[in-house]
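Accompanying notes for the structure given below.
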Amino acid sequence: MECILVMDYGGQYCHLIARRIRELGVYTEIISPQSMVKDLEDYGQRYNLKGLILSGAPKSVHDEGALRLSSDLMDYLSVKQIPVLGICYGHQLIADYAGGVVKPGGKKEYGITEVSIDEPDLLLRGLSDRESVWMSHSDTVEQIPPDYELLAHTDNTPVVAFKHKLSHIYGLQFHPEVVHTPCGGKIFNNFVHVICGCTGNWRIADFMTESVKEIKNKIGDGKAVIALSGGVDSSTAALLTHRAIGEQLVSVFIDTGLMRKNEPEAVRETFEQQMHLNFRFVDARARFFKALRGVVDPEEKRKIIGNLFIRVFEEVANNINASYLVQGTIYPDRIESGLKDAATIKSHHNVGGLPDVSGLEIIEPLRNLYKDEVRVVARELGLPVEISERHPFPGPGLAIRVVGKVTEESVAVVREADAIVEEEILLAGLDKSLWQFFAVLLPVKSVGVQGDERTYSYTIALRMVESVDGMTANFAEVSYAVLGGIATRITNEIPQVNRVVYDLTHKPPGTIEWE
Ligand code: XMP
């Protein structure tokens, strides 16, 4: 299988690079910037290594302790004739390594910039003489290294693109991976197909066949268990594994009492009745409400739910006598936890795979897939669209959509409100354009009047956001007609609520969830 590696120096667009290349039918993996020749050799054993991309970084090659390119690595690539493309920081790394001059903290270039193509060569073939590209850098390559030739410049930056005169080593100061560089697709196409010589025949269907084979080989006639939440990742992992080992997989669904309206029933119907999985339904509602009694602090709620979930699952798993634990961990989860130290804003209890039951060998069939690729697999496996296209829902469930104390009553109120939001947004045809849309119950009572009577009841906040990856988000400009319709239904249908407000906060500074 053809593979292009992306060396992650910590740039925010690293995953985007990998995904753009996968879209061209070439499998990619992200590797640590500390990878050495031996690591590349290992990859070379598993894949047909066709190219290496050096990502951007939020730092300077002049920073103390900055990672540099090693001559061992570059020599190895040259002997193996593996093409290299440096993007932004990667471009500066190559320049610095090859004896060019990288000027620190020069004139910042940020945003859309006009670039002049001096020499298209193979990488920029098919581009116009001037193109709009996305720049985001402060260091600049001032002087091109000896043995390299200039391919492009801007008014501010003398060396925007270069290549080695004799071998396939390229550098680009701008970001071809972002949508603001319209010619980016052509550039990647040139790199992947023309320079690296890839055929581009990687398909998700191949992944599924391989994955089923791999799971079968690994588990043999052993037993495996999975915590199935009904989310797209765990559902897809369960179905894929079921394809491989059938009844030997036990899928455990834990009803925490914190799910949305009819969700536990729908999950049961799908997996037990339609998909015929070996399905265990565990009603743990009372245990979760008991554990959450009186708890107000959001982090504490998350920890309690996460820990109890693991405990309940462990009890079931131990009875099953399984040797393997299947998890729906996907590629970004794994890479984020392995390569970077991200600051903890909220402890996402099921991000990165849950639960890690000691003594069981972990199998992660989706470990190398991105979310949209998981959705493709989900569709191919015949999962209903409610699951394959499901919007994100947090692991701790409705507990973090009740600000303040979590009781069966408060969860029931937010659950009803959530169901109304969902119905109305679907009816308005807005579900596809929104990242998430939901209700939050606030511990705020206010005075109202309903049916000629004074009321003193709770407030529901509506949260609807647009986002690409959940890392940043904008509140959605949903029409007053839709919002008003939702507010009317909520106050008419839920006696405990007499007021509805709309959250106008972007992320940052707010987060998407309220807790
Ligand atoms: P925030 O609130 O941090 O949420 O802006 C970003 C995205 O993550 C989801 N989220 C979670 N997902 N476990 C999850 O699996 C969690 O504990 C959790 N908390 C937040 C949130 O719904 C949004 O899509």
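The values are calculated or read from the model by the stated rules, or taken from the named source; none is laboratory data. In this text the structure is predicted, and so the values were computed from the model without any measurement. For neighbour counting, all protein chains shown are included, and Cβ atoms are generated from backbone atoms with ideal geometry for every residue, glycine included. Accessible surface areas use protein heavy atoms only, side chains included; no ligands, DNA or RNA. Shrake-Rupley method; radii C 1.70, N 1.55, O 1.52, S 1.80 Å.
Based on this model, can you work out whether Leu441 counts as open to solvent by less than 50 Å² (accessible area, probe 1.4 Å) and over 19 Å from Thr256 (Cα atoms)? Here the answer is no, as Leu441 does not meet what is asked.
Does Glu389 satisfy being within 16 Å of the ligand (Cβ to nearest atom), more than 14 Å from the chain's Cα centre (by Cα), within 23 Å of Gln274 (Cβ to Cβ) and touching a residue at least 12 places away in the same chain (Cβ under 8 Å)? Before the answer, list the steps.
On the way: within 16 Å of the ligand (Cβ to nearest atom): yes; more than 14 Å from the chain's Cα centre (by Cα): yes; within 23 Å of Gln274 (Cβ to Cβ): yes; touching a residue at least 12 places away in the same chain (Cβ under 8 Å): yes.
It is true that Glu389 is within 16 Å of the ligand (Cβ to nearest atom), more than 14 Å from the chain's Cα centre (by Cα), within 23 Å of Gln274 (Cβ to Cβ) and touching a residue at least 12 places away in the same chain (Cβ under 8 Å).
The sole residue among Val406, Val377 that is farther than 21 Å from Gly306 by Cα and either open to solvent by less than 50 Å² (accessible area, probe 1.4 Å) or more than 16 Å from the ligand (Cβ to nearest atom) (or both) is Val377. Of all residues in the stretch 231-255, those satisfying the criterion of being in a helix (DSSP H, G or I) and touching a Pro at 6+ places or on another chain (Cβ under 7 Å) are Ala237, Leu240, Thr241.
From the list Thr455, Thr472, Thr488, which residue is farther than 17 Å from Thr511 by Cα and surrounded by fewer than 15 Cβ atoms within 10 Å (Cβ to Cβ)? Break it down into steps so the answer makes sense when it comes.
Numbers: Thr455 fails: surrounded by fewer than 15 Cβ atoms within 10 Å (Cβ to Cβ); Thr472 fails: farther than 17 Å from Thr511 by Cα.
Among Thr455, Thr472, Thr488, only Thr488 is farther than 17 Å from Thr511 by Cα and surrounded by fewer than 15 Cβ atoms within 10 Å (Cβ to Cβ).
Number of residues in the stretch 25-46 that are part of a loop (DSSP other than H, G, I, E, B), in contact with a strand residue (DSSP E or B) (Cβ under 9 Å, 6 or more places away or on another chain) and not small (Gly, Ala, Ser) equals 2. Looking only at the stretch 458-513, residues that are within 11 Å of the ligand (Cβ to nearest atom) and touching an Asp or Glu at 6+ places or on another chain (Cβ under 8 Å) come to 3 in all. Residues of the stretch 174-187 include none that is of a type in the set (Phe, Trp, Tyr) and open to solvent by 10 Å² or more (accessible area, probe 1.4 Å).
Only one of the numbered conditions (1) in contact (Cβ under 8 Å) with a residue 24 or more places away in the chain; (2) in a strand (DSSP E or B); (3) of a type outside the set (A, V, I, L, M, F, W, C) is violated by Thr505, and that is (2).
Could you run through the stretch 323-339 and say how many residues are open to solvent by 40 Å² or more (accessible area, probe 1.4 Å) and outside any helix (DSSP H, G or I)? Outline the logic, then answer.
Taking the stretch 323-339 and keeping what is open to solvent by 40 Å² or more (accessible area, probe 1.4 Å), we get 323, 334, 336-339.
Still in the list and also outside any helix (DSSP H, G or I): 323.
Residues in the stretch 323-339 being open to solvent by 40 Å² or more (accessible area, probe 1.4 Å) and outside any helix (DSSP H, G or I): 1 in total.
Figure legend. Inter-residue proximity from the stretch 295-322: first residues within 28 Å of Leu249 (Cα to Cα) and open to solvent by 30 Å² or more (accessible area, probe 1.4 Å), second residues modelled with pLDDT of 95 or more and in a helix (DSSP H, G or I), beta-carbon distance below 8 Å, spacing 6+ or different chains. Indicated pairs: Ile304/Ala291; Ile304/Leu292. Note on the stretch 113-159: among residues that are among the hydroxyl-bearing types (Ser, Thr, Tyr) and touching a His at 6+ places or on another chain (Cβ under 7 Å), the one that is surrounded by the most Cβ atoms within 10 Å (Cβ to Cβ) is Tyr148. Residue count for the stretch 9-42 under the criterion of being closer than 25 Å to Gln92 by Cβ, within 17 Å of the chain's Cα centre (by Cα), open to solvent by 40 Å² or more (accessible area, probe 1.4 Å) and of a type in the set (D, E, K, R): the result is 2. Of all residues in the stretch 264-294, those satisfying the criterion of being surrounded by 19 or more Cβ atoms within 10 Å (Cβ to Cβ) and either β-branched (Val, Ile, Thr) or in a helix (DSSP H, G or I) (or both) are Pro264, Val267, Thr270, Phe271, Phe288, Leu292. Among the residues making up the stretch 201-230, those that are in a loop (DSSP other than H, G, I, E, B) and open to solvent by 10 Å² or more (accessible area, probe 1.4 Å) are Asn201, Trp202, Arg203, Gly220, Asp221, Gly222, Lys223, Ser229.
Considering the stretch 74-183, the qualifying strands (runs of 3 or more DSSP E), each wholly inside and each with 2 or more residues that are in contact with a helix residue (DSSP H, G or I) (Cβ under 7 Å, 6 or more places away or on another chain) and modelled with pLDDT of 95 or more, run over 84-87, 169-172.
Checking each residue in the stretch 43-73 for being more than 19 Å from Val192 (Cα to Cα) and surrounded by 13 or more Cβ atoms within 10 Å (Cβ to Cβ) picks out Ala57, Lys59, Ser60, Val61, His62, Ala66, Leu67, Leu69, Ser70, Leu73.
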